[in-house]
Structures are given as C-alpha cells and as structure tokens.
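Colleague: Got a structure for you, questions after.
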Amino acid sequence: MKSVMNLAADLKTAIGIGETTGPIGEQVLSSQGRLAALVVAGVLAVFAPVAQAFEPFWLNILTRMLVFALLALSLDFVFGYAGLLSFGHAAMFGAGGYAAALAIREVTTNALVVLPASMLVGVAVAAFIGWFSVRAKGIYFAMLTLAFAQMFYVIVFTDLPATVLDVETITGGDDGLFGIPLYEAIGIDFTSRLLYFYLTLVLVLVSFAVLVRVANSPFGRTMQGIRENEERMQFIGYDVQRYKLLAFSISGGFAGLAGGLYVPFQSVAQPGLLHWTISGELVVMLLLGGMGTLWGPMLGGALVIYLEERLAGFATWEIILGSVFVVVVIFAPRGLAGTLISIKNDPRNTITHVKQALRNYVEKVRG
Amino acid sequence: MIESLLRATLLGLQLGMTLALVAAGLTLIFGMMDVINFAHGALYMFGAYFGLLVGESLGSFWLALLLAPLIVGLIGAAIEILSLRPLYGRNPLYHILLTFGIAIMVQGIVVQIWGSQSRRIPAPDLLTGSVSFGPVTYPVYWLFVLVLSTVLIGTIWIAIERSDLGILMRASAHDTEMVDALGVDVKKVFTGVFVFGSVLAAVAGVLLGASRSVHPGMGFGVIIEAFVIVVIGGLGSFKGAIYAALLIGLVIAYGALIAPALTDLFIFTLMAAVLIVKPSGLFGATEAA
Amino acid sequence: LGGSEDTLTVGFVLPFTGVYSLLGESIVNGFEQYLDEQGGEIGGQEVETISRDTEADTNAGVSATRELLVESRSDVLVGPVSSAVATAMMQTVENESSAIWLNANAGDYRLVQDGCLPYHFRTSFNDWQTSAPLAPWVYENVADNVFLAYADYAFGQNSKRFFGEAFEEAGGEVVGEVGVPLGTDDFSPYLGEIENSGAEAVYSFFAGSDAVNYVTQFHEFGLDRTMTQTGSGFLLSEDTLPAQGQAALGKFSLLHYTPTDQSERNQEFAQSYADTHDTRPNVYACQGYDSAQAFAMAIEDAGSSDPDDLAGSLNGAEIDSPRGSFRFHPKTNDPVQNMYVREVVEGSDGPENRVVDTLEDIDLPTWGCSID
Amino acid sequence: MTQSYTTDPTDGDAEPILSTDDLTKKFGTLTAVDGVSLEIPADRITSIIGPNGAGKTTLFNLFTGKYEPTEGRIALRGDRIDGKEPHHLVERGLVRSFQINNFFADLTARENVRLATQAPYTGFRPRDFLAHHRDLDVATESANRILERVHLSNVADETASNLSYGQRRHLEIGISLAADPDLFLMDEPTAGMSPEETRETVELVEEIASDITLILIEHDMHIVMDISDQIVVMNEGMVLARGTPDQIRNDERVQRAYLGSE
Amino acid sequence: MSELTDVGGENDARPRSSSSRRLTVDSIETYYGDSHVLFDVSLSVGDGEIVALVGRNGAGKTTTLRSIMGLTPAKSGRIEKDGESIHGLDPHQVRKRGISWIPEERRVFGGLTVDENLRLAAHTADTDQRERIEEVYDRFSRLDERRTQKAGTMSGGEQQMLAIARALLGPETDLLLLDEPSEGLAPQIVKDVESIIRELNEEGVTVLLVEQNAEMALGLADRAYVLETGEIVHESSADELLADRSAMEQYLGVQ
Ligand SMILES: Nc1ncnc2c1ncn2[C@@H]1O[C@H](COP(=O)(O)OP(=O)(O)OP(=O)(O)O)[C@@H](O)[C@H]1O
Ligand SMILES: Nc1ncnc2c1ncn2[C@@H]1O[C@H](COP(=O)(O)OP(=O)(O)OP(=O)(O)O)[C@@H](O)[C@H]1O
Ligand SMILES: [Mg+2]
Ligand SMILES: [Mg+2]
C-alpha cells in the first residue's frame, strides 16, 4: 500500500528515470538529444514526399503515429515527469477533438482558429478535472481522473448536452460527428495528405520543444521536486496544489491539440475518443517508451500505433501485442528509452545485459 | 412500482454479491501485494469459459462450478509465479502494464479457442424455472446465485475477521519485509492470495455465465466496475469492497429504473464524490498507518 | 500489391477481433465461396482479397478504409459490420472516389439519407426493412398493442421508431418503450417495466450478447406466459440461438434471409457452404456471397474496374441471391427484397427459425436520396 | 496546573513570536494535545521535552498546518495561523525540518537548496515556464550562501545520496534555511546519531540560532540543558512545566515524569 | 594497521569454543545493488552472551543484522547458527531457526492492534501460543492495558515494548538481534528497555545489540565489536572498551 501512496516518489528508483535522463538534476534532453530530435524530424520531412509518391498510405500511418506521439508526450509531461498519474487523458483528447469538429462545422476550417480552440478546451477540461483531483494522491488521483473522464464519455455518448439544452443534437451521441473536413490556414489548403502531415509534424515538433523547455524551466524543476517529494516541497513554501493543477492543465492543452489534429484527419469525432481504453493505452505507450523522458513515450506511442496498424490483419494480434507488453515489462523495464540509452552507453555489453536479465528472471521466479 | 423496486433490489443485491466476489480478490491482491491487477477481469472470463468447457463436455453445471475455478486457480498461480513475482518491489505501475498485457492476451486466446460468439453455460435443471413472491416473479437460478455468493462472501469475511489470515494480510500490506522476518513465507502467501483471488473471480464467472452471456468482451467489461468498487471501498479493504459492491449493485439496478443510459454516470459520479470527500475511500487506510 | 491491370483487388473492411468478429469472418466466407464457385476469377481476371480489421471501432475503421483504398488500391470495399463505422467511412470513400463500396451489413438508413453516395450499395438490408414491415403483420396476426424494447444506440432507436410508427399507422397502439444501454447483462429492471405495461406483445431490437441475455431472461422471468416476443431478425439469429436455447422457442422475427429456407437456390448455397465450413451459413455469409455476386456482375457488365462504370452497372441491377432475388433500388442502391417472418421452433439439432410468412413487394423509403 | 517560575524567560524584552491559546488536538477519543497555552519568545531556543507520547510531535504538526486543531488558536506574531496551509506558513517565515532523507536524493546538494531558494522567485509568469532554471541567478547565489552557512560548500556538487550521514543532516537543515525562516521547528534533530555527528549538528543548530527563533524537540538531556533558553515539559498532552534549564533540572515532577528518578 | 592488532590482541575476549557459539559470521561481504557496504566482516556471539556492535552512522551495523536475517543476503562469506549454516536462507527460515530481529524504528504494524501484532508474531509457531501471549502480557503490563489500541497510535516507548514482545513470540527465540532500541526514547524508558534486555538475557536469550548510545550498550554487553565503514576495527570486552577513552573517542566520537 505504502508504495502506491507515493508512487510518484519512487518512480525514479523503480523506473530508473535517473538513469534514462541522467540524474534528475540534469537537463531534460541534452544538446545531443535535441540534435537527434531534429534529425528524426528532418528524416520524416524528407521521407514524406517519397512516401507520397510510392506508398501514399504511409503518410496516413505516419500522421497517426505523430498524433499519438503528441498525446503520449502530453501525458508524459504530467505522468512521468511531474508524477501525476492521470488515467483520464482521453477526456482532454476527446474534448479537443469534439471542439475541433464543432468549430469546423459551425464556424471555420481555419486551423489558426480551430487548433487554439482545441487546446483551450483541453486546458479547460483538464482544469476542471484537476480542480477536483489534485488533492488526491497516487492511485486515488488516477482513479479520480478516470472517473471524470468516464463521466465525460457518458455525457458525450448519450449526448446529454443536447437533452439539457433541448436541441436535436450536439455531440451526435454514439454515432459522433462525421464528415469533418480538413483545415486550411494562411492560404494553404491542408486537404492534401502531404501538407496535413507537415502541419502535424511541425506542431508536434513545436509542442515537443515547448514542453522540453518548460521541463527545464523553474516551473519544470518545481514539478520534479513535487514528484520526488510533495510534502517537502510544501514545507519549502510551494503551493503544491496550484502547481499540480497548472501542470495538469498544460498537459491537457497539448492533449486537446492532439485531438484537434486527429479528428479532421479521421473525419469523425466519436465517443470512443474519450473512452478509458484510450487512457489505458496511453499509459501503456508511456511505460513502453520509457516514462519521464518526454521523447521515450513519443516513440512508445508511435510504436504502439504502428504495431496495431500492422498486426491488425492477423487473427492473433491481440496475443502478440499482449506478449510484447509482458516481455517488455519483465525484461526491459525502462522501456524503449532506457534500452536505447543503455545500448548507446555500452554497446558491447548488450548481450551480457540480456543474459543478465534472463538470469535475474529465473532467479526471481525460483524465489 | 413496489414490484419494480423489489425486483431491482433483488437484482442489486445479487449483482452486488457477485461483483463482490470479483472485487474481493482484486482488493486483497492489491492490499497485500500492491498489484493493480488488470488481468482480474480476464480470470473472471476464463472462469466462465472453462465453466462452459466443463459444463458442455461433462454435462454438469456442478462439476463446472467445481472444476473451472480450480483450473483458473492454476492459471492464476502460473501468472503470479512467472510474471508478477519477478516484479515485486518494483513500481506498481509495472503491474498495470504487465496485467494489461496479460488481459489482452487472454482475450486473444479466448477468441482463438472459443470464437467470439455469445454463449451460455447451461444452468442445472434443478434450478430452472422461477418462483413468485406475490406479484414478482424471479428466476430460481438468480436466487441461487444471490444465496451462494452471499454465503461465500460471508464465510470469507468471517474467516478473514476471525483468523490470523486477515491480520496477516493487513500486516503484509503494511510491511512485507517485517512479516517475512517474523517467520512467514510471504512468497507463498502471495501466491496463495493471488490464487484465491483468481478462484473467487472464476466462481463469479461460472455463476454469471449461466445467467448471462459468455463472450470475449466480458473481461474488460467487468474490470472497471470492479476497480470502481475497490476504490470506493478503500484499496485493500475487504469490508470496504463488500459494502461498495452492494452499493454499486444497487446503483446499477435502481439506475436502470430511473435513467438507464446514465447509469455509468451515476457510478462514476458516486466514485468521484466518495474520493473527494474521503480521499482514500470508505474504509481505506489513511496515510498515517 | 493490388491495383495492377490484370488482377482485381477486394478490400474487406470488417471486424476480425472483438465481439463482431464472427460476423466479419462469415461475410468473408460467403464472399470467398462465390469466388471459389467461379474458380477464383471474375471476368477473366484474378481476384486478390485483402482484409483489414475494423475492430468495430470507428477510428480503426477509417484507417482501414484509407489503407485499403490508398495503399492496396482496392477496386471494391466490402464491409463494414457496424453502422457507426460505415458512417465514418463515407467521407473517406467519397474523397478517394476510387472504388465502389458493397455494404455487406451496416443497415443505418442515414447512410442513404445523409450520404446518398453513388458508390455505396447495400448487399444487406436497411434498418427500416427489418422493423417497419413487421408492424402490420404483428397487428394482424399477434396483438393490438405492443411494448418497444431496444438497445439504446442509433440502430436500436431507428428500429423501434420505424416499427412504432408503422404499428400505429396499421391501427395498433404502442403502450410504452424502454431503451437499454448497449452491453447490458441484467435485464430484470427492464423486464419488470415490460411486464407491468400489460402489452400483448413486445417488439425488440437487440443483437449479439444483448440478444442472448434479453431473450433468455425474458423467458426466465416468465414473460413468455403473458406476452408474445417479436423483433428484428438479429434478436434470434443463427449466432445467438444456440446460447438462447429453449428460451427462444415461439418467438417471431423478421429478416431477409433464413438458412433453413427450402428454396432450391438456398439449399444449394447452404449445402456447399456447409461442405467447406462444417456449419450452416448465417445471414452474414449470405450477404458476403451476394456482395461477391454483385461485384462479379458489375465487372462483367462494365468491362472495366472504373468505379463510376461499376456503379452505373449495379444501379437498379438484379441479384440472384439465396435469399431470393433482389435488386438495387435505383434511387438509393438499397436492396429491394422479400422479408421473411420467422418463428423459432425446435429443429433437428436445437431451436431454429422457420419461415411462417413472406412479405413481398415492399416499397422502400428513399429519404430524399436520388442517385439516378 | 502549569508550573511557571518567577524568572519566566518570556518576561524579558523578547516579544513572543508564536503563541498558542488553549490548543487542543483530539484523535478520536485520544487527546494528544490538551489545552496548551504557550508563548515562544523570539530569537531564543526553546526545547520541548517530555515522555514518549506526550504530544510533542503533534504540537509541531499543529504549528505547521499538518493538522487542524480541534480547539484553540495559534498565532504567529499576533496573526492567527491555525488551519493555514504549509506554504502560507513558509511565506510567513515558519519552517520545519524533517527526519533524515526528506530531501531530493538524486539532486546535488546545490540543486536541493536551490529548489528551496528559488521558491520566492518563481511564480506563474511566462518566464517561469520558459527560462532555464539555472538562469535564475538570485536563487543560485542565495543557495551558495546557504551551503556556506551549513558547511557544505565543498560538497555542493555531490548528489545528496552520496553525502555522509552528518552532511545529510546539514543539508536537510540548509533546505529549511533556504526559505529564510524567522521561526524554525526541529523534531529530534539528533535521533539515531552517533555522538560525533550529534556534536556537529548541535554546533550548527547553535550557529543558526544566532538570528532566528528555534523550537526543538529533543530527548537528549545533555543537549537540551546545554543549548536551550527555555524548556517546555509536556506530559499527556499538557504542559507540565516551563522554565530555564536550571529550573527544569530541579523540578521534582519533571524528574518523576520524564528523567526517571536517579 | 593498528586496528588489526586490536582485533587479534584480545584473546581472552574470544568466545569460549565453537560448540558454544550461538552465531558465527565469517568474512561476509554485502552489497546494496552495486554499492559495497560490508567488507570481510567476521564476528561471533557465544551462548548466553550479550554482544554489542557499535560504530558511527552508516558504518554498516544495520546491514550486518540484515545480512544475518537474510534480508540483504551477503554475497559471500559464512553465517552459522549453532554450527549450522543459515547463509542463503530466506528471512522466514532464519526466524524459524530461533533468531529474532527487532529493527530500527521498531516497525510495528501500525494499522493492527497490539493484540493483533502479537497474534501475527505467534502465528508461525508450531505450538499453541495462547499461553505465551498471556505470559508476554504479564511481563509488559503497559501492553496489557492497551490490547485493543492501534499500534500506530502508541508512543515510541510503547511501540518499542511491543517490538520486543513481538520478537519473543512465534518460533522459540534464543538469539535476539536488537537494532538501536533506545533511539527516540525518553531517558526513563531507555532504562526500562535496558532492564528488559538484562532480564531476557538472564533467562537464557543471547543478544546481539546494535546501539548508538554506546554507554548504554557497553554497560549491558559482555563483549563489543566496533564497525567502521563496513569493517570490524575493534573487538574487546565491553568493559575494556568503555574504559579505553581514546578508543571510545577514536571509534565512536565519545568525548
Ligand atoms: N494521526 C494520529 N492518529 C491517532 N493518534 C495519534 C496520531 N498522531 C499522534 N497520535 C497519538 O497522540 C499521542 C501524542 O503523540 P506524539 O507523536 O505527539 O508524541 P511525542 O510526544 O512526539 O512522542 P515521541 O517522543 O515518542 O515522539 C500519542 O499517544 C500518539 O499515539
Ligand atoms: N537500502 C539501501 N540502499 C543503498 N545503500 C544503503 C541502503 N541502506 C543503507 N545503505 C548504505 O549502507 C551503509 C551502511 O548503512 P547501515 O544502515 O548498515 O549503517 P548503520 O551502521 O546501521 O548506521 P546508523 O547508525 O545510521 O543506523 C551506509 O553508507 C548507507 O548509506
Ligand atoms: Mg515525536
Ligand atoms: Mg542502522
């Protein structure tokens, strides 16, 4: 029980965040890391027209991967980095998505208007949920966020707003809102798949840069302190609840942005966006990618989407996906990020590490 | 109106007691081992499917009720020893990823073996038909489920309250290492508790598998409800889980009378309200242990 | 990959995992059975099939559709099962305009009303067909008043509305209704409401595990003694009957296909299906089979795989189906077909549907759509 | 029943910085703190002693806002503070230190302290989100000053978990000092320490006390008698006696209840 | 190397013969993860002795006890109880060999009542312990008064009593490992604890006592070891160490 009460506090020891990003005192994302991020973005940008020419479908997968990378990033900022175990991020994602759908339908397709609106709605929903939840700790916080997210889900699914306001439909109920067109902005028409991909890529990159920056700011440092030791931060003089609420809202904004990018791309906003399974899947992406590193979960998000996309044709894909999770958690507990870093730091000993992990496993099972 | 209320109350109690069977294991496993077991729903589903297998191949509901939980208990032991044991002492979040993975796998396995069609365990002839209390007709089998699960829960409750077992569980939740140093083989106890929880979930699976459909979505369907119960009751509290299960059972049953579409909204609002007022659930241990 | 000159590519956009996977598989089985009958070729061209899982999830469905159209360059889409997925697919199919779409199950009438897409052909049914035509029959043969119980989502709501309107139009009375959330396990509170209404009959729309739970509990709570259960065919279909067992006996439902139908065309189809799959075909298999027939007919008639040509050929065309021949409505591309009232009776191996009445010459609404 | 002596240390020129009035805290049926009325003189060291379970820690928890009093009032320089949240109290100059290991084990000593010195300089303005945390020079400078004060300058860049036991205690005190307190509460700062580290800590405590008010809970009588200006003896939630070390040493009831008759 | 001469020098302080040794720890090396904490630590406790293990903070005293209990198993070396190896056993198996551990900070089960704490400890015995529990209550009257109080709400001294009482129940105990029993206790209670340890020893329980309060520990003990950064640097009779002011100052910082 005790350890769940302060899950956040021992994230570091258990997950070895300290080892994946260096001690927490260090910079989130070294200059080397920045370079790597730019290179990845550059490669994607160059690859896109090639994909467009030969395998246009790749653009679809890539765009979806990017959107979920952004969503995983937004969650990692509060969950891995600030230690607030949100199990309700689907609410902000969905709210941003629905906001975009409604705005596009009723107001404008201008991305410069709609996307900020999605973000704002994400912030508002997060602030609402956060207001009631930040006082709870650990798993109870998780459960509160889950509860609120499910309430939003039911509200959208049953189209409660329409019933209350006595209009025919607002959220479209279980069907959702469909036929949502793509954006245009500053004279560019993003209905081309390639341009939409670039739009997404740029926004994901900018979001990443912003969140890395915030993580390294005094605010970010404070959040880390709260993750490590909330009570102590209080007695140092920080208004801990306010910081948590703010971090949660910031994260909600980016989740809302992800929703705003996703819905027009898919052309539908449907209640499933808010369902707890999305939140659950997000947590899986985080753990798989390597919590607290910001970039690891982005990889995790992209990978899970890729796997789902590619394995979906197999009858046994659930078994495969499930086994991947199980194997990762037992043998590579620090996720992709941790594994990549240990390979980078010590490429020659990779085999030894693998053997060691297997031996440890057998030993533990024997007891 | 009275009839509807009576019927809803009966359903709520029955639902509550069967949910309690699922939630009890979940809360005990969490309380002792710090494991947030997403695979618990999968074990419940396995219970139903093995019940189906035994029931159809041996033609006896009673054998199904006996054997399926045993099989699931073995599976539970395998899960605990092979996958959870290497993770103890690590952050409990890993258990979420692990058991989430297991739950997905189990769902895949069930579809592979049994397909995705809805099925039902044949209820025993002895318990078919219905009885009437005044204007209310109620199936005998449902009453049987109510009685049996109440008896089971009651027995377990008494056992936990009376015996050292309950003390042991609460102590392990608090300080596993110390319990070990007092001479208790905590590893065995952990395996035992996990198996026990699996067996209870499987019993619920078999019992309900004969009154509602058995299908591959049932595992994920029950798990959130069970979590809600465990959280409302207070993580790790057996007593809390039982009260909360009854509460949720009644909310579902009465909710169906008032606004069926909003039942989930009621449930989650209830949970949020409880947590806002009592941040560690109705009977949860507060931080000052 | 698909799309090359001398092969035809069929893209299945269907659920292969989750609760609807049986439906997806059956549709594929039906489709492939027809292909086998044709030696794997249509119009002299080889046929390649590609399956993408929709998991009955809208987003997955949209992605799958896009992948089949863009990456696999399918000449025809077959699917989906769920109307929500179909609704979400419309935009993509319209944007790409690269293939015709044989809707092998999704029955929501709004696909016609809102979409009215010339590429969209229903080889299955629409939700009006499986509800409204039953109403006058029930009024004449069963009861003067009914209670409506339905799964509370678009399809269920549409069905109960169509039935209710038609029933009142026929002169009957609707005494009450109750919407039940999808995935409900325990119907007893709703059954109480149904019983208390005192209606002579109930019309219900439930499917899958809901149908199993509803029908068995209807029986267990003794409602059979006082009222007659009727419903759309999915309430009592081949995939739910084994689990419903004795509880299903004596209940009436309406559908466009019944595997036990004695027509020669159907016996042939059913026999050859049973030979390969060891089981009787269900309605989904028939819909898959007819999708293949429709595709073959279009290719042969149009002589190309251009979607506009194919659509032109199919519009108004007639298909010789095991369910009895049907044709695509010239304004909506919905199937104009016979509907069968069936009753569940004890068969050679368990309860089965037996046709008790055939409703012919049903005039379909067009909901303002006018394709031609 | 409180024993007060004519030479009450609060009678002097010092204004009371903290005062309580009939302060009571109940846990269910148990009254942990029972009607305590106290005045803590400014710029002095006050020690609270008493048998285990007397209510000393509970009193601290009331002062620092961890618990709300069941009855009674607490005032800091005349302003009521009961029921205020900890961070408000810190802003008003009241801090507490913790048992060992209540710092940020993976940060360096400097970062640990800077986290605390940065608090008054950060808020919710844009640059608090976008500037680099190391660029907050004021915070770094005052962190360095504090490290100096607690004799940790030479290990400023060591990670806290690598510090020796005594150094950790110093760091812990340094973090609290970073908030620039007027009133500093310390609960058993030398518990479990070896004699040598106890001595170092006591020295540090005395140094700090030069310009702030200190309240100490301590079981080690040598230390208590040595450094306190005032001693408050608690028993069963109540104040049994209050006075200078000499007065307390000679008080019979204190002998009986706490020191054990020799 | 002056420390080493210390160790070898005091022959008369060595335990009498290996057959009467309750506990033998022979050159163990212990790690927490990668960090090496105990270096070649050897010590022994004779039947019926009270042996003190003293040293500065972080010297490794607690770790030594944890290694004996199997909580933090030693990587190498030998640990024997009554001539039989207990190295590599799990803590619960070690407990069944008659070794009881009273940890730093007591670690009573705060959420359980006093009675439940005791019942839990008694639970693993092969024999019926109801009478033993009553005996324990007779000895610790403070606990008797508080049978139904939650242990977490008791004061430090009472919790210490409970921790000792708990160690006496369950499988028969003949070796008690005590870790800083005086920490955080009021002076009077320290005296109570002292006399309990003495009584127990007179009843035949062998004691290995870890203390910061060197004066108390050495006053109680027959022999003493001094641990410094993971190594044994001194071994002698307790009185001798207590009398040797320079050693006291050098090793323990006592002035
Ligand atoms: N959260 C709580 N719930 C219930 N009882 C409590 C709580 N906190 C303290 N108590 C009780 O209040 C009384 C006073 O405890 P407190 O911790 O203040 O004593 P103390 O004087 O600090 O003792 P020690 O010197 O042993 O630390 C004790 O009997 C304790 O058990
Ligand atoms: N769980 C742990 N992980 C890593 N290092 C540890 C752990 N516990 C103790 N250590 C380190 O091992 C060394 C020995 O610690 P130990 O607790 O045995 O000392 P001790 O002599 O009991 O000290 P004290 O008198 O303070 O209790 C110390 O340097 C300590 O920092
Ligand atoms: Mg205290
Ligand atoms: Mg120690």
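Colleague: Mind checking which residues of segment D:151-207 are within 14 Å of residue D:220 (Cα to Cα), in contact with a Leu (Cβ under 9 Å, 6 or more places away or on another chain) and in contact (Cβ under 8 Å) with a residue 60 or more places away in the chain?
Modeller: D:186, D:187, D:188, D:189
Colleague: Here is a further query. Here are some residues: A:295, A:276. Which one is in the same structural domain as residue A:92 (by TED's automatic domain parsing), open to solvent by 10 Å² or more (accessible area, probe 1.4 Å) and closer than 22 Å to residue B:102 by Cα?
Modeller: After applying the criteria, what remains is A:276.
Colleague: While we're on this one: Before we move on, is residue C:125 open to solvent by 10 Å² or more (accessible area, probe 1.4 Å), closer than 30 Å to residue C:319 by Cα and away from chain B (no Cβ under 14 Å)?
Modeller: Spelling it out, it is not the case that residue C:125 is open to solvent by 10 Å² or more (accessible area, probe 1.4 Å), closer than 30 Å to residue C:319 by Cα and away from chain B (no Cβ under 14 Å).
Colleague: Starting from segment E:200-212, keep only residues that are assigned by TED's automatic domain parsing to the domain that holds residue E:64 and in a helix (DSSP H, G or I), then list their pairs with residues that are open to solvent by 20 Å² or more (accessible area, probe 1.4 Å) and of a type in the set (Gly, Ala, Ser) whose Cβ atoms are within a distance under 9 Å, requiring at least 6 positions of separation or different chains.
Modeller: Hits for this filter: E:201/E:48.
Colleague: Being open to solvent by less than 10 Å² (accessible area, probe 1.4 Å) and either among the aromatic types (Phe, Trp, Tyr) or more than 7 Å from chain E (Cβ to nearest Cβ) (or both) is the filter here; which residues of segment B:163-172 pass it?
Modeller: Hits for segment B:163-172 are B:166, B:172.
Colleague: Further question: Restricting the first residue to segment E:43-66 and requiring it to be closer than 15 Å to residue E:177 by Cβ and away from ligand 1 (no atom under 16 Å from the Cβ), which pairs with a second residue that is among the polar types (S, T, N, Q) and modelled with pLDDT of 90 or more meet a Cβ separation below 7 Å and a spacing of at least six or different chains?
Modeller: Going by the 7 Å Cβ cut-off, the qualifying pairs are E:44/E:24; E:45/E:206; E:49/E:206; E:50/E:201; E:53/E:64; E:63/E:30; E:63/E:72; E:66/E:72.
Colleague: Residue E:85 is checked against (1) touching a residue at least 40 places away in the same chain (Cβ under 8 Å); (2) of a type in the set (Gly, Ala, Ser); (3) open to solvent by 60 Å² or more (accessible area, probe 1.4 Å) and fails just one. What number does that condition carry?
Modeller: Here residue E:85 meets the rest and fails (1).
Colleague: Continuing with the same structure: Which of the residues belonging to segment D:135-161 are under 30 Å from residue E:36 (Cβ atoms), out of contact with any strand residue (DSSP E or B) (no Cβ under 9 Å at 6 or more places or on another chain) and surrounded by fewer than 19 Cβ atoms within 10 Å (Cβ to Cβ)?
Modeller: D:151, D:153, D:154, D:161 - these are the residues of segment D:135-161 that are under 30 Å from residue E:36 (Cβ atoms), out of contact with any strand residue (DSSP E or B) (no Cβ under 9 Å at 6 or more places or on another chain) and surrounded by fewer than 19 Cβ atoms within 10 Å (Cβ to Cβ).
Colleague: Out of B:148, B:182, B:98, I need the residue that is within 14 Å of chain A (Cβ to nearest Cβ), free of Cβ contacts under 8 Å to residues at least 60 places away in the same chain and of a type outside the set (Gly, Ala, Ser). Which one?
Modeller: Result of the check over B:148, B:182, B:98: B:98.
Colleague: Still on this structure, please answer the following. Hey, can you tell me all the residues within segment E:103-142 that are buried (at least 22 other Cβ atoms within 10 Å of the Cβ) and farther than 19 Å from residue B:170 by Cβ?
Modeller: Listed by number, the list holds a single entry, E:136.
Colleague: Here is a list of conditions, (1) modelled with pLDDT of 90 or more; (2) within 14 Å of chain A (Cβ to nearest Cβ), and residue C:55 meets all of them except one; can you say which number that is?
Modeller: Exception for residue C:55: condition (1).
Colleague: Can I ask one more? Can you give me the ranges of the helices (runs of 4 or more DSSP H) entirely in segment B:1-87 with at least 3 residues that are open to solvent by less than 10 Å² (accessible area, probe 1.4 Å) and within 14 Å of chain A (Cβ to nearest Cβ)?
Modeller: Ranges flagged: B:2-33, B:40-58.
Colleague: Still on this structure, I have one more. Output the number of residues of segment E:144-186 satisfying the condition of being at pLDDT below 85, under 16 Å from residue D:192 (Cβ atoms) and away from ligand 4 (no atom under 16 Å from the Cβ).
Modeller: 3
Colleague: Determine if segment D:241-252 includes at least one residue that is in a loop (DSSP other than H, G, I, E, B) and within 13 Å of chain E (Cβ to nearest Cβ). Spell out the reasoning first.
Modeller: Residues of segment D:241-252 in a loop (DSSP other than H, G, I, E, B): D:244, D:250-251.
This time we only want the ones that are within 13 Å of chain E (Cβ to nearest Cβ), so: none.
No, segment D:241-252 has no match at all.
Colleague: Another question about this same structure. From D:127, D:92, which residue is over 20 Å from residue A:224 (Cα atoms) and away from chain E (no Cβ under 14 Å)?
Modeller: D:92
Colleague: Also: What about residue D:251, is it surrounded by fewer than 19 Cβ atoms within 10 Å (Cβ to Cβ), away from ligand 1 (no atom under 16 Å from the Cβ) and touching a residue at least 60 places away in the same chain (Cβ under 8 Å)? Explain how you work it out, then say what you get.
Modeller: On the way: surrounded by fewer than 19 Cβ atoms within 10 Å (Cβ to Cβ): no; away from ligand 1 (no atom under 16 Å from the Cβ): yes; touching a residue at least 60 places away in the same chain (Cβ under 8 Å): yes.
No: the conditions fail for residue D:251.
Colleague: Here are some residues: E:167, E:125. Which one is over 14 Å from the mean Cα position of the chain (by Cα) and under 24 Å from residue E:65 (Cβ atoms)?
Modeller: That would be E:125, the only listed residue that is over 14 Å from the mean Cα position of the chain (by Cα) and under 24 Å from residue E:65 (Cβ atoms).
Colleague: Among the residues of segment E:114-124, is any outside any helix (DSSP H, G or I), at pLDDT below 90, away from ligand 3 (no atom under 16 Å from the Cβ) and under 22 Å from residue E:175 (Cα atoms)?
Modeller: Within segment E:114-124 (the criterion being outside any helix (DSSP H, G or I), at pLDDT below 90, away from ligand 3 (no atom under 16 Å from the Cβ) and under 22 Å from residue E:175 (Cα atoms)), the answer is yes, since at least one residue qualifies.
Colleague: Can you find even one residue in segment B:281-289 that is away from ligand 1 (no atom under 16 Å from the Cβ), not in a helix (DSSP H, G or I) and not aromatic (Phe, Trp, Tyr)?
Modeller: yes
Colleague: Let me ask you something else. Give me the pairs: first residue in segment B:60-86 and within 23 Å of residue A:360 (Cα to Cα), second residue open to solvent by 60 Å² or more (accessible area, probe 1.4 Å), beta-carbon distance under 7 Å, and six or more apart or on different chains, which are they?
Modeller: Every condition considered, the pairs that remain are B:85/A:364; B:86/A:364.
Colleague: Right, another one. Residue by residue through segment E:175-222, note down the ones that are within 17 Å of residue E:135 (Cα to Cα) and among the charged types (D, E, K, R).
Modeller: Selection gives E:199, E:202, E:203.
Colleague: In addition: Between A:152, A:157, which is at the interface with another protein chain (Cβ under 9 Å from one of its Cβ atoms) and closer than 19 Å to residue A:269 by Cβ? Explain how you work it out, then say what you get.
Modeller: Values: A:152 fails: at the interface with another protein chain (Cβ under 9 Å from one of its Cβ atoms).
Selected residue: A:157, the only one of A:152, A:157 that is at the interface with another protein chain (Cβ under 9 Å from one of its Cβ atoms) and closer than 19 Å to residue A:269 by Cβ.
Colleague: Still on this structure, I have one more. Determine if segment B:248-267 includes at least one residue that is more than 14 Å from chain C (Cβ to nearest Cβ) and more than 14 Å from residue B:30 (Cα to Cα). It would help to see each step written out before you state the result.
Modeller: Start the filter on segment B:248-267 by keeping residues that are more than 14 Å from chain C (Cβ to nearest Cβ), which leaves none.
Within segment B:248-267, not a single residue is more than 14 Å from chain C (Cβ to nearest Cβ) and more than 14 Å from residue B:30 (Cα to Cα).
Colleague: A further question follows. Can you tell me which residue is surrounded by the fewest Cβ atoms within 10 Å (Cβ to Cβ) among those in segment B:185-217 that are outside any helix (DSSP H, G or I) and away from chain E (no Cβ under 14 Å)?
Modeller: As a first pass, look at segment B:185-217 and keep what is outside any helix (DSSP H, G or I): B:185, B:210-217.
Among the residues that remain, those that are also away from chain E (no Cβ under 14 Å) are: B:210-217.
On the way: B:210: 25, B:211: 24, B:212: 22, B:213: 26, B:214: 26, B:215: 28, B:216: 29, B:217: 20.
Ranking the qualifying residues of segment B:185-217, first place goes to B:217.
Colleague: What residue, among those in segment E:208-223 that are away from every other protein chain (no Cβ under 14 Å) and either at pLDDT 95 or above or within 16 Å of ligand 4 (Cβ to nearest atom) (or both), is nearest to residue E:183 (Cα to Cα)?
Modeller: Per the stated criteria, the residue is E:209.
Okay, residues lined up against (1) open to solvent by 10 Å² or more (accessible area, probe 1.4 Å); (2) away from chain E (no Cβ under 14 Å); (3) more than 16 Å from ligand 2 (Cβ to nearest atom):
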residue: D:56; (1), (2), (3): yes, no, yes
residue: D:68; (1), (2), (3): yes, yes, yes
residue: D:73; (1), (2), (3): yes, yes, yes
residue: D:87; (1), (2), (3): no, yes, yes
residue: D:113; (1), (2), (3): no, yes, yes
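Colleague: Just name the residue that is surrounded by the most Cβ atoms within 10 Å (Cβ to Cβ) out of those in segment B:151-162 that are in contact (Cβ under 8 Å) with a residue 60 or more places away in the chain and over 9 Å from residue B:238 (Cβ atoms).
Modeller: Only one residue fits best here, namely B:153.
Colleague: So is residue A:92 under 15 Å from the mean Cα position of the chain (by Cα), open to solvent by 10 Å² or more (accessible area, probe 1.4 Å), under 18 Å from residue A:254 (Cα atoms) and at pLDDT 95 or above or not? Lay out the reasoning, then the answer.
Modeller: Working: under 15 Å from the mean Cα position of the chain (by Cα): yes; open to solvent by 10 Å² or more (accessible area, probe 1.4 Å): no; under 18 Å from residue A:254 (Cα atoms): yes; at pLDDT 95 or above: yes.
In short, no.
The values are calculated or read from the model by the stated rules, or taken from the named source; none is laboratory data. Just so it is clear, the model here is predicted, and its values are computed rather than measured. Every residue, glycine as well, gets a Cβ built from its backbone with ideal geometry; the counts of neighbours run over all protein chains shown. Side chains included, ligands, DNA and RNA excluded: accessible areas come from the protein's heavy atoms. Shrake-Rupley method; radii C 1.70, N 1.55, O 1.52, S 1.80 Å.
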